[in-house]
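Take a look at the structure set out below.
The values are calculated or read from the model by the stated rules, or taken from the named source; none is laboratory data. Predicted model, so just to flag it, every value in this text is computed and none were measured. Cβ: placed from backbone, ideal geometry, glycine included. Neighbour counts: every protein chain shown.
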Amino acid sequence: MPRFTGSLSLQIDVERHLRSIPDMQDKTVVDVPAGDGRTSTALKDLGAKVIPCDLFPEFFDVEGLECRKADLMATLPIPQASADILICQEGIEHLPDQLHAFRQFNQVLKTGGRLLVTTPNISNLRAKLGYLCNEAEVFSRLPATETDAIWFGNDAADEVYFGHVFLAGVQRLRVLGQIAGFELKSVLSTKISWGCVALSGFLPLIAATNLYAHWRSQRRLHKDIERDWAHGVHTEVIKLNLHPNVLFCKQLFLEFTKTKQSGEVGRELHKKLKAA
């Protein structure tokens with residue numbers, strides 16, 4: 001059965017952002033997972049050199065483009081440091097090893113390259129209520145189970161495409177990006193959830209608990225950790241938790257920039273954490 005890459009409203013948001021990027025005709029862009037090819041079509045129309053990849057390339061259908069078979073849990077079939085942009089649209093929530101995927105993104109992107117990630121927003125106010133009530137995306141659904149977690153596989157059942165088993169919020173994606181050599185540059189806007197707007201009365205409580213958690217985290221820092229660096233990290237976390245596009249939008253749409261190679265991150269963190 002064909003697999004798509006998100007709702008029509010999200011597709012509009014993604015294409016709007018792609019059109020805002022200058023000189024797309026000179027960019028090499030990896031689209032993974034490419035799904036049926038809607039985003040690849042938009043990139044092609046913008047003049048980009050598109051490299052579509054998907055675990056199931058047979059569902060890709062764009063004239064003039066060939067989709068490469070690729071498993072984000074393995075190695076992407078793309079030369080290292082060859083891409084200017086990589087877009088992972090509605091894909092990260094299906095992956096059991098998301099850090100591996102981020103490291104693969106790092107491998108194929110040039111330093112300074114953009115990583116665009118979209119995923120269902122489990123950090124918004126409606127999702128927070130859903131997790132409080134029944135540990136699901138929204139309070140009107142049950143959590144993902146084996147009845148709906150496997151969407152399809154091939155005839156031999158050795159290639160499984162998971163459902164929303166591995167949903168990740170904005171904080172997990174930020175830290176995975178950091179570990180893999182990315183810096184989160186912006187949280188882009190998507191369609192507003194009016195259910196989230198209806199829950200905006202909880203904002204004072206959320207703000208107060210975040211500020212208290214920030215204060216407690218600063219007090220509990222190990223004496224050898226660089227305090228200015230840690231303060232900056234904690235402040236970034238608080239700003240994300242209170243970001244309007246995180247709290248009120250239906251989808252997360254994140255833009256990262258590759259700042260370093262994955263292998264450099266551990267050495268840098270070791271220096272900042274020191275003996276901690």
| message | Given the condition out of contact with any helix residue (DSSP H, G or I) (no Cβ under 7 Å at 6 or more places or on another chain) and closer than 30 Å to L18 by Cα, answer yes or no: does some residue in region 186-208 qualify? | response | yes
| query | If you scan region 157-216, which residues turn out to be under 20 Å from the mean Cα position of the chain (by Cα), part of a helix (DSSP H, G or I), under 19 Å from L132 (Cβ atoms) and among the aliphatic types (A, V, I, L, M)? | reply | V170
| task | Give region 188-219 a look and list any residue that's without any contact (Cβ under 8 Å) to a residue 40 or more places away in the chain and of a type in the set (F, W, Y), or say none. | result | W194, Y212, W215
| query | Applying the selection to region 112-130, what residues are surrounded by 16 or more Cβ atoms within 10 Å (Cβ to Cβ) and not aliphatic (A, V, I, L, M)? | reply | G113, R114, T118, T119, P120, N121, S123, N124, R126, K128, G130
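T75 - would you say it is farther than 21 Å from A34 by Cβ, without any contact (Cβ under 8 Å) to a residue 60 or more places away in the chain and either in contact with a His (Cβ under 9 Å, 6 or more places away or on another chain) or loosely packed, with under 15 Cβ neighbours inside 10 Å (or both)?
In short, no.
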| said: Of the conditions (1) at pLDDT below 95; (2) closer than 17 Å to R172 by Cα, F105 satisfies every one except a single condition; which number is it? | reply: (1)
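Of a type outside the set (S, T, Y) and part of a strand (DSSP E or B): is that true of G47 in this structure?
The answer is no for G47.
Rundown of residues vs (1) of a type in the set (A, V, I, L, M); (2) at pLDDT below 95; (3) touching a Leu at 6+ places or on another chain (Cβ under 7 Å), yes/no style:
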| residue | (1), (2), (3) |
| --- | --- |
| N124 | no, no, yes |
| A156 | yes, yes, no |
| V175 | yes, no, no |
| A180 | yes, no, yes |
| task | Please enumerate the residues belonging to region 243-263 that are touching a Gly at 6+ places or on another chain (Cβ under 7 Å) and in a helix (DSSP H, G or I). | result | S262
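Going residue by residue through region 264-275, is there one that turns out to be among the aliphatic types (A, V, I, L, M) and at pLDDT 95 or above? Steps first, answer last, please.
Going through region 264-275, the residues among the aliphatic types (A, V, I, L, M) turn out to be 265, 269, 273, 275.
From the residues that got through so far, the ones that are at pLDDT 95 or above too are none.
No; the residues of region 264-275 include none that is among the aliphatic types (A, V, I, L, M) and at pLDDT 95 or above.
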| said: Testing Q104 on (1) of a type outside the set (F, W, Y); (2) in contact (Cβ under 8 Å) with a residue 60 or more places away in the chain; (3) in a helix (DSSP H, G or I), one condition comes back false. Which one is that? | reply: (2)
| Which one is surrounded by the most Cβ atoms within 10 Å (Cβ to Cβ), of the residues in region 45-64 that are in contact with a helix residue (DSSP H, G or I) (Cβ under 6 Å, 6 or more places away or on another chain) and not β-branched (V, I, T)? | P52
| task | Look at region 89-128 and say how many of its residues are among the hydroxyl-bearing types (S, T, Y) and over 22 Å from L240 (Cα atoms). | result | 1
| query | Which condition does D148 not pass, out of (1) closer than 22 Å to P33 by Cβ; (2) in a loop (DSSP other than H, G, I, E, B); (3) touching a helix residue (DSSP H, G or I) at 6+ places or on another chain (Cβ under 7 Å), if it passes all the others? | reply | (3)
| message | Looking at region 28-37, can you tell me whether even one residue there is at pLDDT 95 or above, among the hydroxyl-bearing types (S, T, Y), over 17 Å from the mean Cα position of the chain (by Cα) and in a helix (DSSP H, G or I)? | response | no
| Pairs, first among the hydrophobic types (A, V, I, L, M, F, W, C) and modelled with pLDDT of 95 or more in region 242-262, second surrounded by fewer than 17 Cβ atoms within 10 Å (Cβ to Cβ) and outside any loop (DSSP other than H, G, I, E, B), C-beta under 6 Å, six or more apart | F248/I192
